[in-house]
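Heads up: the structure comes next, in structure tokens.
The values are calculated or read from the model by the stated rules, or taken from the named source; none is laboratory data. Note that the coordinates shown come from a computational prediction; the quantities given were computed from them, not determined experimentally. In this analysis, Cβ positions are derived from the backbone assuming ideal geometry, glycine residues included, and neighbour counts consider all displayed protein chains. Please note that ligands, DNA and RNA were not included when accessible areas were found on the heavy atoms of the full protein model with its side chains. Shrake-Rupley method; radii C 1.70, N 1.55, O 1.52, S 1.80 Å.
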Amino acid sequence: MLHESNYSKSNYYFFTFIIKLHVMTLIKSISGIRGTIGGKPGEGLTPLDIIKFSSAYGKWLKMQHAEKSIKVVVGRDARISGEMVMNLVNQTLCSMGIDVVCLDFATTPTVEIAVPEEKAQGGIILTASHNPREWNALKLLNEKGEFISAADGELLLEIAEKEDFIYENIDKTGIIKYSKEYDDIHIQKIIDLDLVDIDAIKKANYTIAIDCVNSVGGIIIPKLLKSLGVKNIIELYCDPTGEFPHNPEPLPEHLSKISSVVKEQNADLGFVVDPDVDRLAIINEDGSMFGEEYTLVAVSDYILKHTPGNTVSNLSSSRALRDVTNNYEGCEYNAAAVGEVNVVSKMRETNAIIGGEGNGGVIYPALHSGRDALVGIALFLSQLAKSGQKCSALRATYPEYVISKNKMQLTPDIDVDKLLVTVKEHFKNEKINDIDGVKIDFENEWVHLRKSNTEPIIRIYAESNSKDAADELANKVIGEIEKLL
């Protein structure tokens, strides 16, 4: 057995190690197709795999929208393989008689907004999110501009496995229309939101540093900030070359450069996004971290203060959102299974007005039902400006929690589902939630255990009021699991 104190960091080095050994990876799941570029078909994300899964998506769309002409919006982040993958996807869809609206460089939330705007039947975002430069992925959307459901994902994978698709003859092929207007459309929709206060932001006269990891955020975030009235912008890594200057996941250990710049250049705060701009991290004026878990907490507090309602986050997110929600009369917090599609589903079920995930993902349905760092920036700046506080002072107003992220490596012969049932029984006297793995709620802390869909591991997240306490809780549960094994 082994466990590590930061699974995200360890995964990054694990994947890098795989690449160096020239072993390619292809992961097929309901959330999309992702993998390392190159290798043999079926082992890496090769041209044949890209064509195969694009074809399966085209066939799935035709099944969903029989007797209708089909249109798909396609956009990509700035990673090096993006243009190659985009061209393969576009031409494959056209060969199936599907029209394409190609945005080229575009954030994930921008593509999500473009799908219903174009009255398209679907969308494909070409991004491996926070994965290293060797990776790319096809993330698949429905006609609402939202990620396809688990059931639809399973059907699509079946179609791909059977290679059950037919291409059109020359008279019925689709066409490609290129569009460069959706950055501006996206920004205008944010500016038009009732709770985005441009006057307050202008008056605050902020100096803001941004780190866009040399991807598409470097194109749209400066435009957004200028539209919000921010004149003083310190740009780090805003050239969309796809050459990530550091690990692209916006975690504290990767953000030393912008932290130093904020402090040394007396900036009021800093913003950091991942390559496809659906996650937002915030840097305080003193260079300290606001905390990725607290992006959603702070924005939700602002929304609830002006428009009371319900909130949702996933089971692995901080209970700080629950605490903040409970501060407002008549407002209710609910937890969803991990995954954006599950959070969105729970938000609809509970009529939530704000929600998201503790990785810096803000979902504000008044704009659209997807994680969006851009709307997070606009709402946070409105909140900060109207509060009259410094960034660190605002952060200090929220409950203090720390999450310890761990994993346990298991042998392939271990039945993880059975093990989780055993763990649930072992802790049966505590408050248990089993909609996604097993979450054990203690009086002042919690631990969440989930199996990985791609590796023989259990992810173990624990939260308490200090790092030491969270690590201690995680290690305690890991010890119990080892005894059970």
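Once you sort the root eigenvalues of the Cα gyration tensor of region 400-458 as a ≥ b ≥ c, which label holds: rounded (a/c under 1.5), prolate (a/b larger than b/c) or oblate (the other case)?
Taking the square roots of the gyration eigenvalues as a ≥ b ≥ c, region 400-458 is oblate.
On a straight-distance basis, which aspartates and glutamates could pair with LYS231 in a cross-link, Cα separation under 15 angstrom, same-chain partners fewer than 8 positions away excluded?
ASP199, ASP268
At R0 = 45 Å, how high is the FRET efficiency between ASN465 and LYS68 if r is their beta carbon distance? Nearest 0.05 is fine. Can you show the working numbers first?
On the way: r = 54 Å, r/R0 = 1.21.
Efficiency at R0 = 45 Å is approximately 0.25.
In straight Cα distance, which aspartates and glutamates are under 20 Å from LYS177, not counting same-chain residues fewer than 8 positions off?
ASP77, GLU83, ASP99, ASP104, GLU112, GLU117, GLU118, GLU143, GLU168
How much net charge surrounds LYS52 when only other residues with a Cβ under 15 Å from its Cβ are counted (Lys, Arg +1; Asp, Glu -1)? Let's see the in-between values first.
On the way: positive: LYS28, ARG34, LYS40, LYS59, LYS162; negative: GLU43, ASP49, GLU158, GLU161, GLU163, ASP164.
Here the charged neighbours net out to -1.
Order these peptides, 157-165, 293-301, 50-58, 370-378, by their mean beta-carbon neighbour count within 10 angstrom, highest first.
Working: 157-165: 14.7, 293-301: 26.4, 50-58: 23.9, 370-378: 28.3.
Top of the packing list down: 370-378, 293-301, 50-58, 157-165.
How large is the charge dipole for the chain, taken about the Cα centre, if only the Cβ atoms of Lys, Arg (+1) and Asp, Glu (-1) carry charge, to the nearest 20 debye?
It comes to approximately 380 debye.
At a 1.4 Å probe, what is the % contribution of carbon and sulfur to the accessible area of the chain?
Roughly 48 percent, rounded to a whole number.
If the cut-off is a Cα-Cα distance under 17 Å, which aspartates and glutamates reach LYS263, setting aside same-chain residues fewer than 8 apart in sequence?
Partners within reach: ASP211, GLU235, GLU253, GLU285, ASP286.
Whole percent per 5 Å bin, from 0 to the bin with the longest distance: what is P(r) over all C-alpha pairs of region 211-365?
2, 10, 17, 19, 18, 14, 12, 6, 1, 0
Can you compute the helix-only [θ] at 222 nm over the chain? Use -39500 (n - 2.57) per DSSP H run of at least 4 residues, normalise by all residues, nearest 500 deg cm²/dmol.
-12000 deg cm²/dmol, from helical runs alone.
Between THR307 and SER392, what length comes free when the chain is fully extended (0.36 nm per residue of separation minus the Cα-Cα distance, one decimal in nm)?
Answer, rounded to one decimal: 28.1 nm.
How many percent of Cα pairs in region 280-337 exceed 17 Å?
Distances greater than 17 Å cover 39 percent of the Cα pairs.
Mind giving me the nanometre distance, one decimal, between the label points for GLN409 and LYS431, set 7 Å out from Cα along Cα→Cβ?
With each label placed 7 Å out from Cα toward Cβ, I get 3.6 nm.
Enter the accessible area per residue of region 372-485 (Å², integer; probe 1.4 Å; all protein chains in place).
Ligands and nucleic acids excluded, the figure is 47 Å² per residue.
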